[in-house]
Amino acid sequence: MRNVALILRRELASYFATPLAYVFILIFLVLANAFTFYVGDFYQRGQADLRPFFLFHPWLYLFLIPALTMKLWAEERKSGSIELLMTLPVKTWEAVLGKYLAAWLFTGLALALTFPIWITVNYLGSPDNGVIFASYLGSLLLAGGFLAIGSCMSALTRNQVVAFILGVVACFVLLLAGYPLVLDAFRGWAPQTLIEAVASLSLLTHFQSITRGVLEARDVLYFAMLIAFFLFTTTVAIDLRKAD
Amino acid sequence: MIKTEHLCKRYPSVTAVEDVTFEVQPGEVLGFLGPNGAGKTTTMRMLAGFVTPTTGRASICGHDVEREPLAARQCLGYLPEGAPSYGEMRVAAFLEFIAELRRLDGARKRTRLDYVTERLQLSSVLDRPIETLSKGFRRRVGLAQAIIHDPPVLILDEPTDGLDPNQKHEVRTLIDEMAREKIIVISTHILEEVEAVCTRAIIIARGRIVADDTPLQLTSRSRYHNAVSLQLARSDQLQAARAAVAGLAAVASVEVSEREARLTALPRSGAMILQEVAALAASQGLQLKELHLESGRLDEVFRTITA
């Protein structure tokens, strides 16, 4: 775990060594609040909860998370530093996990900085803070899922723009797996069980079930497995193609 | 000890390395020579465990690089081609990061960091981001990270590329000092470097080993080996001198440079012609500026072997 911690620390420091960290956090906070107040009608609804705030998180993450993960591995390949990292006494999974956790911790920080809206809603009324807490957790899990997908896409290419586009598309498909947009592609030829299996992969369904305030084991398990699967795939991709 | 057995690396369209077998013992400094694209870097990458061989095996200090990758990497200091690093990091933070991944702690870490900083003259740039450094400094940062854990085996891909003559000299002195107890493999296309630091040279062309010898033995393969070169004070004596030298039985041929008023007499195989040429010059009354015995030209051997 020492190696994971060392790589995590280096990655996190590198976010703040460039404008990336500040730009990301600023844009995230501005957009999250703009959506809440202007699109979500935070005041007009007259309800003391944060539903309009969390409603837009999946769509914010859809573009912001791949922008964060596109460099994870593609940049290492491009600059050649992957040759340095992969010839140090470090296991591939340690590097994959260290980089992933750094990105997740960073996203968690951005999410934590939205606390003024929580203070606001508590000042204006008496919301169900249990639901808000569950929603924050759901948002963090959703970000974690997107980050794992983005990490995997970044491991497949040395081109950051390609990594970004692959990341957005993969996140989008998994996000809407339970909706007609994706399911219609399967209807007509796939057996019903497959369609149901695809539908059950929907990130949005699981996210919404958590933000309703019900923290079910199966939703948490779903995110854990999704993250584990994509991190495993990242490790395999790096192992097989690190020198390409 | 480094050992490779029949290493091959084939890509769908090209064979990069074909049947490379060699061993390196402690105290040896092995120079990898070869034209660009000959397979030097691919071979070094296979030794470092970055590229997986298609067939064949490599081991470092008895650890197979594929089956015991971590143990092999622990014994190894590696400078990849182009000395890549994390550009946005500051030099001090980068070296500390590598030292910690190399399991150096506390006082030992401090000592080693101070040592590499001093040896590679990095103290003036410790606080600068690596991407703002000159090519020479970046190369030295790469060298510093390779030797920071005092490994028994060093693999350095073009360690002096981009350095000025003073820095090259420093790096060669460093390699010389470390050579006594370590195994060092360097790749270079600077031939004088091989003569300066290597105890052994392997020449690779088109993925195969085409020569494996000491630099001295390699230069003796040159047709200039034991050739005699003489420069005349008066260029009007050049034609006469040429005819006289060419007339000697042991001389195979004579090359002339009109501009320098220089003759180079190439001996028939194995012949020593210095005495004869010197005697001839005296008897013919040639006025000499210079007379010397050539040991051979490595660049000429290199071209002959790899062409």
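Just so you know, all these numbers are worked out from the coordinates, no wet-lab data involved. Keep in mind that this is a model prediction, so the values were computed, not measured. We place every Cβ from the backbone using ideal geometry, glycine too, and count neighbours over all the protein chains shown.
The residue among B:Gly142, B:Leu126, B:Pro152 whose Cα reaches farthest toward the positive pole of the charge dipole of segment B:101-172, with charges on the beta-carbon of Lys, Arg, Asp and Glu, is B:Pro152. Spatial offset of segment A:112-133 relative to segment B:270-307 amounts to 91 Å, using the alpha carbon center of each. Note on chain B: the C-alpha convex hull projects to 19.4 nm² when averaged across all orientations.
Among A:Leu221, A:Leu156, A:Leu105, the residue with the largest mean-square fluctuation in a Gaussian network model of chain A, with springs joining Cα atoms closer than 10 Å, is A:Leu221. Please tell me which of these pairs span more than 19 angstrom C-alpha to C-alpha: B:Lys109/B:Lys135; B:Lys3/B:Lys182; A:Lys91/A:Lys242; B:Lys135/B:Lys168? Pairs exceeding the cut-off: B:Lys109/B:Lys135. Note: segment B:162-307, Cα convex hull, 155 Å³ per residue. Projected onto their three principal axes, the Cα atoms of segment B:76-158 cover extents of 29, 26, 20 Å, largest first. Taking 4.7 Å between beta carbons as the limit, the unpaired Cys residues of the protein assembly as shown are A:Cys152, A:Cys171, B:Cys8, B:Cys198.
Longest stretch of chain B clear of exposed loop sites (GluC sites (Glu not before Pro), DSSP loop, at most 10 other Cβ atoms within 10 Å, sites excluded): B:1-180. Each Lys and Arg adds +1 at its Cβ and each Asp and Glu adds -1 at its Cβ; summed about the Cα centre, segment B:228-296 shows a dipole of about 60 debye.
Each of B:Leu79, B:Tyr115, A:Leu60 was placed along the dipole of the protein assembly as shown (beta-carbon charges, centred on the mean Cα), and the one lying farthest toward the positive end is A:Leu60.
Overall, chain B carries a charge dipole of about 260 debye about its Cα centre when +1 sits on the Cβ of Lys and Arg and -1 on the Cβ of Asp and Glu, all other atoms neutral. Structure remark: mean-square fluctuation, Gaussian network model of chain B, C-alpha springs under 10 Å; the largest value among B:Ala279, B:Ala227, B:Ala58 belongs to B:Ala279.
The mean number of partner chain beta-carbon atoms within 10 angstrom of a residue's beta-carbon across peptide B:85-91 is 5. Per the Debye calculation on chain A with a single equal scatterer at every Cα and no solvent contribution, log₁₀ I(q)/I(0) for q = 0.11, 0.12, 0.16 Å⁻¹ amounts to -0.61, -0.72, -1.18. Of all complete DSSP H helices in chain A, those with a Cα span along the helix axis of 15 Å or greater and a mean Kyte-Doolittle hydropathy of 0.0 or more are A:2-17, A:20-34, A:57-69, A:92-112, A:129-155, A:160-175, A:217-241.
Report summary: the helix-based calculation at 222 nm, which adds -39500 (n - 2.57) for every DSSP H run with n ≥ 4 and divides by the residues of chain A, gives -24000 deg cm²/dmol.
Binning the C-alpha pair distances of segment B:146-231 at 5 Å intervals from 0 yields a P(r) profile of 3, 12, 20, 22, 17, 14, 8, 3, 1, 1, 0 %, listed from the shortest bin outward. When A:Tyr100, A:Tyr222 are sorted by how many other C-beta atoms sit within 10 angstrom of their C-beta, beginning with the fewest, the order is A:Tyr222, A:Tyr100. Between A:Ala170, A:Ala67, A:Ala190, which gets the highest mean-square fluctuation from a Gaussian network model of chain A, Cα cutoff 10 Å? Looking only at A:Ala170, A:Ala67, A:Ala190, the biggest GNM fluctuation is shown by A:Ala190. Charging the Cβ of each Asp and Glu at -1 and of each Lys and Arg at +1, and nothing else, the dipole of segment A:2-241 about its Cα centre rounds to 440 debye.
Across the protein assembly as shown the C-alpha pair distances fall into 20 Å bins from zero in the proportions 18, 37, 26, 12, 5, 1 percent. The Cα atoms of segment A:27-93 define a convex hull whose projected area, averaged across directions, is 6.5 nm². Positive-end ranking of B:Ser59, A:Asn33, A:Thr69 along the dipole of the protein assembly as shown, with charges on Cβ about the Cα centre, is headed by A:Asn33.
Per residue of A:7-15, other chain Cβ atoms within 10 Å of the residue Cβ number 3 on average.
Computed from the C-alpha gyration tensor, the three semi-axes of the ellipsoid equivalent to segment A:69-121 are 33, 12, 6 Å, from longest to shortest.
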